[in-house]
1. From the set of residues in region 187-245 that are of a type outside the set (A, V, I, L, M) and in a strand (DSSP E or B), which is surrounded by the most Cβ atoms within 10 Å (Cβ to Cβ)?
2. Among the helices (runs of 4 or more DSSP H) contained in region 79-170, which hold 3 or more residues that are within 22 Å of G54 (Cβ to Cβ) and not hydrophobic (A, V, I, L, M, F, W, C)?
3. Looking only at region 171-186, which residues are among the hydrophobic types (A, V, I, L, M, F, W, C) and either open to solvent by less than 20 Å² (accessible area, probe 1.4 Å) or in a strand (DSSP E or B) (or both)?
4. For region 151-161, does any single residue satisfy the condition of being surrounded by 18 or more Cβ atoms within 10 Å (Cβ to Cβ) and at pLDDT 95 or above?
5. Return the total of residues in region 119-134 being under 15 Å from the mean Cα position of the chain (by Cα) and either more than 20 Å from D34 (Cβ to Cβ) or loosely packed, with under 14 Cβ neighbours inside 10 Å (or both).
6. Restricting the search to region 95-118, which residues are among the hydrophobic types (A, V, I, L, M, F, W, C) and under 14 Å from the mean Cα position of the chain (by Cα)?
Amino acid sequence: MTPLPGKLTLEFSRAADKPRLMYMFNPAVKNVSDPSGFVAQREPAVIDHALARGGVLFLNDEHGEAQTVTATYHLHDKNQPRTQRHRYTEVGTTLARLPGFNSARLAITAMTLKEWWTAAPRERFIAEIDVANSGSLHTFFNGLKWKHVTDKNKTTALQSLCDEGLAPSERGLPVEWFTTTPAVLKNQARILLDFMDQGGLINKKTGTLIPVDFSALDHVGLTRKRLEAMAAGTLKRRDLLAIQP
């Protein structure tokens with residue numbers, strides 16, 4: 001049995017982090033955290049762009065090895081100039097090596113809020129989940145309270161956009177779609193504060209705590225006071241910027 005890390009550090013990516021991310025796709029690692037192969041492969045250029053702009057979150061152990069990752073991807077309309085703000089942000093590519101600790105929930109929540117704060121999409125955050133991936137469906141619907149997208153025209157359009165960034169073999173597969181609302185973002189802030197209040201990740205069966213260093217959130221401007229305001233319903237950037245550390 002692999003020993004648990006003594007502590008974790010939440011970090012946002014740089015271009016140089018590609019080897020760290022690719023390690024999570026090493027078959028010896030990925031086949032343990034994703035044995036059914038639900039996590040789709042992305043086109044290399046899409047991965048590179050996400051890493052370079054800080055769009056990937058890592059929970060790294062004391063040796064700098066990733067234990068959980070989640071990535072976000074900016075989606076533009078097909079005829080939209082790349083200089084314009086993207087229409088959607090897709091939250092995906094989540095891999096976790098810490099069963100029982102809800103590390104994926106922490107990673108998705110923190111990554112979504114960081115993207116919302118630093119590079120919000122024109123419309124919504126979205127997530128596509130394989131219809132057979134009961135674990136991720138539960139995380140997004142029950143754990144994170146994201147909203148299920150059921151409009152057929154909408155889901156068809158979303159799939160067309162997202163398929164452009166997937167490896168050809170991954171395109172067109174049956175998925176469920178989820179999205180955010182202001183109420184969902186408010187709840188994400190509360191969830192993140194709960195993780196911070198307990199000091200990190202706790203295994204509810206064993207009571208084991210893995211401390212997490214959350215200081216990267218301060219560095220991008222997501223201070224505790226701002227998160228508390230968001231959890232209370234303040235989502236206007238102007239009002240949040242007025243809250244000083």
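The values are calculated or read from the model by the stated rules, or taken from the named source; none is laboratory data. Values in this document were obtained by computation on a predicted structure and should not be read as measured data. Please note: Cβ atoms are built from the backbone with ideal geometry, for glycine as well, and neighbour counts cover all protein chains shown. All accessible areas refer to the heavy atoms of the entire protein, side chains included, with ligands and DNA or RNA removed. Shrake-Rupley method; radii C 1.70, N 1.55, O 1.52, S 1.80 Å.
1. Going through region 187-245, the residues of a type outside the set (A, V, I, L, M) turn out to be 187-188, 190, 194-195, 197-200, 203-208, 211, 213-215, 218-219, 221, 223-226, 228, 233-234, 236-239, 244-245.
Subset that is in a strand (DSSP E or B): 200, 211, 213.
On the way: G200: 19, P211: 14, D213: 14.
It comes out as G200.
2. Values: elements: 103-119, 134-138, 152-163.
Qualifying helices (runs of 4 or more DSSP H): 103-119.
3. Filtering region 171-186 for residues among the hydrophobic types (A, V, I, L, M, F, W, C) gives 173, 175, 177-178, 183-185.
Correct list: V175, W177, F178, V184, L185.
4. No: zero hits.
5. Let us first name the residues in region 119-134 that are under 15 Å from the mean Cα position of the chain (by Cα), namely 119-121, 124-129.
With the extra rule that they be either more than 20 Å from D34 (Cβ to Cβ) or loosely packed, with under 14 Cβ neighbours inside 10 Å (or both), the set shrinks to 119-121, 124-126.
Within region 119-134, residues that are under 15 Å from the mean Cα position of the chain (by Cα) and either more than 20 Å from D34 (Cβ to Cβ) or loosely packed, with under 14 Cβ neighbours inside 10 Å (or both) number 6.
6. Let us first name the residues in region 95-118 that are among the hydrophobic types (A, V, I, L, M, F, W, C), namely 95-96, 98, 101, 104, 106-108, 110-111, 113, 116-117.
Within region 95-118, L95, A96, A104, L106, A107, I108, A110, M111, L113, W116, W117 qualify.
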